[in-house]
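Colleague: Take this structure first; my questions come after.
The values are calculated or read from the model by the stated rules, or taken from the named source; none is laboratory data. Just so it is clear, the structure is predicted and the values come from calculations on it, not from any experiment. A quick note on method: Cβ atoms are made from the backbone with ideal geometry, for glycine too, and the neighbour counts reach across all protein chains shown.
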Amino acid sequence: MPLKNRLPAVLTVLIVMITAVGAMGRTYLDLEDQVHEFTLDNGVRFLVLEKHDVPVFSFRTFVNVGSANEVRGITGLSHILEHMAFKGTPEIGTTDYKAEQKAMAAEDAAFAAFKEIRLAIRPVRARYQQLLDRIPADQREAYDKLVSGSEVTPPDFTLGPEAKAALDYYNDEAKAMEDEYAARRQAFEDAKDAAREFVVTNEYGKIVENNGGQGMNASTSNDITQYFYNMPSNRLELWAYLEGSRMSHPVFREFYTEKDGPVTEERRMRTDNNPIGRLIEQFENLMFMANGYHHSTIGYMSDIQNVSRADCQAYFHRNYVGSNITVAVVGDVDYKDVRKYARKYFADIPAGHPEPVETFEPKQLGEKRFIMEDPSQPLYIAGYHIHNVRHPDWPVYEVIADVLGQGRTSRLYKNLIKDQKIAVNAMAMPGFPGQKYDTGLLVFAMPVKDKTAEDMEGAIDEQIRDIVDHGITAEELEAVKQRARASFIRGLDGNAGMASQLAWYQTFMGDWRELFREVDRIDAVTLDDVQRVAAEIFDVNNRTVAIIKTTDQES
């Protein structure tokens, strides 16, 4: 996996690694030779590594689609689709699929009608609010009671001209539309309830758990969507049936319930009610103009509200195709059995070749800055544009980020946290918010009490200037390379981690064998490379800055 995802080196691993380089080299070759691969006629690629020490196996299904593939109007759909992959198939998750289909069609129609009125009522509500705001304060309470019918209007109450204008607009325009809005909303809720009558809740997950499966989950990023869990070896065919069927014939049941419930709440938790989340969303919007990193993975709230099941189905059929899917299986399995069951249960996934994203991020012509005033902890974020993970300089980005701000040996930790004691956290990482397309090297810091984001900026810039002017030391570079070697060894251990790495390198680098070239790429980085690349990226005109400026709490 990329260096930014690696844990700090473990001393014992380093000792073993340094004293047994020759044996480690043979392990590389032995392990690489043990990986089997095959591709189905529809394009689904399988990577299989047999490890027979424990009677279990792990898998990773990587779908080469994430939020960066979305367009305006359907942001967040990759993440919603991930949720839908757990809802089952025509055979799993329903008491009567034919009847459920009819109920879901009625649900779709009710949603379309509700969406229509929800969009149409927005300007009417805005106009009515303008008229309400013009009513004098001493008349507003009585007016509200009059409109709501909650209290008989006092006999001496006389509508002023502002209140009269508001009341006329309410009676002539707003009331009828509000009544229609309420009726369509209720019809939509009733349709959702009717469709849920056929749902067997979480049947897919229960089948996995009842057959010894563990760790069932999924995740969506800007670049990919991945699915995973662990399973006993004697359930290999069941796994193939379950995974193949949800990749080929998923049923998007409870679509509106899920997106209006857990997905919406996740949006609120991650972003709307989280000051750091709000800052990061604005930061991404500002830093990336053209490519799909412009918007966050969770999507905009209006898109989450307005996207339909038909939108989700179209997105699925366009992207969940054979050429976009890699499945890595590692553990106590037989390659021939995996291939047999793959042909049987994954063959229904349609073939296809989605159009690649061809929009490249243009060169930034000047520094961008965003300051968010908020009664919360101050924070400093700076992003510098860099190339994607396939670029020859990517290992250099990893070295720079490691030396600058990864772990207790990094310059930011030693200077800002340990020596100056002005920050509680400081870090640097390449590949934010993604790695597949032109992306960013992110630097951030959170100050201690009585220090500001601007204090963080000055201290971080000092460390960056030193790397640009003087580079890094030979000792620092060698330490990074040792940590990379140790991380590589740790990554070879464990079924789940190995499956993840194989699928990652196949998806991002185009060939799983690149996993075994990772250490060589880091080893090839020189001190001159570091100084050259640092001078290229750490240009103020290449920088986007986002700051939380703390304000007083509201009384």
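Colleague: Which residues, counting only those in region 320-340, are in contact with a helix residue (DSSP H, G or I) (Cβ under 8 Å, 6 or more places away or on another chain) and within 18 Å of residue 62 (Cα to Cα)?
Modeller: 320, 325, 326, 327, 328, 329, 330, 331, 338
Colleague: Is it fair to say residue 464 is crowded, with 20+ Cβ neighbours inside 10 Å and assigned to a helix (DSSP H, G or I)? Write out each step before concluding.
Modeller: Values: crowded, with 20+ Cβ neighbours inside 10 Å: yes; assigned to a helix (DSSP H, G or I): yes.
When the stated conditions are applied, residue 464 passes them.
Colleague: Mind telling me which of the residues 405, 458 ends up being over 27 Å from residue 508 (Cβ atoms) and either of a type in the set (Gly, Ala, Ser) or free of Cβ contacts under 8 Å to residues at least 12 places away in the same chain (or both)? Walk me through how you get there before you give the answer.
Modeller: Numbers: 405 fails: over 27 Å from residue 508 (Cβ atoms).
Selected residue: 458, the only one of 405, 458 that is over 27 Å from residue 508 (Cβ atoms) and either of a type in the set (Gly, Ala, Ser) or free of Cβ contacts under 8 Å to residues at least 12 places away in the same chain (or both).
Colleague: I need the full set of residues from region 407-440 which are within 21 Å of residue 358 (Cβ to Cβ) and of a type in the set (Val, Ile, Thr), in order please. Give the derivation first.
Modeller: Keep residues of region 407-440 that are within 21 Å of residue 358 (Cβ to Cβ), which gives 431, 433-440.
Scanning region 407-440 gives a single hit, 439.
Results for (1) among the aromatic types (Phe, Trp, Tyr); (2) surrounded by fewer than 17 Cβ atoms within 10 Å (Cβ to Cβ); (3) not assigned by TED's automatic domain parsing to the domain that holds residue 205, shown as yes or no for each residue.
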residue: 36; (1), (2), (3): no, yes, yes
residue: 76; (1), (2), (3): no, no, no
residue: 100; (1), (2), (3): no, no, yes
residue: 116; (1), (2), (3): no, yes, yes
residue: 133; (1), (2), (3): no, yes, yes
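Colleague: May I pose another question? Given 429, 456, which one is in contact with a Leu (Cβ under 9 Å, 6 or more places away or on another chain), part of a strand (DSSP E or B) and buried (at least 20 other Cβ atoms within 10 Å of the Cβ)? Show your work before the answer.
Modeller: Working: 456 fails: part of a strand (DSSP E or B).
Within the list 429, 456, the selection yields 429.
Colleague: Output the number of residues of region 60-109 satisfying the condition of being within 21 Å of residue 196 (Cα to Cα), assigned to a loop (DSSP other than H, G, I, E, B) and among the acidic types (Asp, Glu).
Modeller: Going through region 60-109, the residues within 21 Å of residue 196 (Cα to Cα) turn out to be 80-109.
In the following step, the residues that additionally are assigned to a loop (DSSP other than H, G, I, E, B) were identified as 85-93, 95-96.
Now drop any that are not among the acidic types (Asp, Glu), which leaves 91, 96.
Selection size over region 60-109: 2.
Colleague: Next question. Find the residue count for region 179-189, including only residues that are surrounded by 13 or more Cβ atoms within 10 Å (Cβ to Cβ) and not aromatic (Phe, Trp, Tyr). Outline the logic, then answer.
Modeller: Here is the first cut: in region 179-189, the residues surrounded by 13 or more Cβ atoms within 10 Å (Cβ to Cβ) are 180-181, 183-185, 187-189.
This time we only want the ones that are not aromatic (Phe, Trp, Tyr), so: 180, 183-185, 187, 189.
Within region 179-189, residues that are surrounded by 13 or more Cβ atoms within 10 Å (Cβ to Cβ) and not aromatic (Phe, Trp, Tyr) number 6.
Colleague: Of all residues in region 362-407, how many are of a type in the set (A, V, I, L, M, F, W, C) and assigned to a loop (DSSP other than H, G, I, E, B)?
Modeller: 2
Colleague: While we're looking at this one, here's another question. Checking the condition surrounded by fewer than 12 Cβ atoms within 10 Å (Cβ to Cβ) and over 33 Å from the mean Cα position of the chain (by Cα), which residue from 142, 176, 137, 163 passes? Break it down stepwise before answering.
Modeller: Numbers: 142 fails: surrounded by fewer than 12 Cβ atoms within 10 Å (Cβ to Cβ); 176 fails: surrounded by fewer than 12 Cβ atoms within 10 Å (Cβ to Cβ); 163 fails: surrounded by fewer than 12 Cβ atoms within 10 Å (Cβ to Cβ).
Criteria check complete, one pass: 137.
Colleague: Within region 295-336, count every residue that is surrounded by fewer than 24 Cβ atoms within 10 Å (Cβ to Cβ), in contact with a strand residue (DSSP E or B) (Cβ under 7 Å, 6 or more places away or on another chain) and either at positive phi or without any contact (Cβ under 8 Å) to a residue 60 or more places away in the chain (or both).
Modeller: 0
Colleague: In this structure, is residue 354 modelled with pLDDT of 95 or more, more than 30 Å from residue 235 (Cα to Cα) and not acidic (Asp, Glu)? Spell out how you get there, then give the answer.
Modeller: Working: modelled with pLDDT of 95 or more: no; more than 30 Å from residue 235 (Cα to Cα): yes; not acidic (Asp, Glu): yes.
The answer is no for residue 354.
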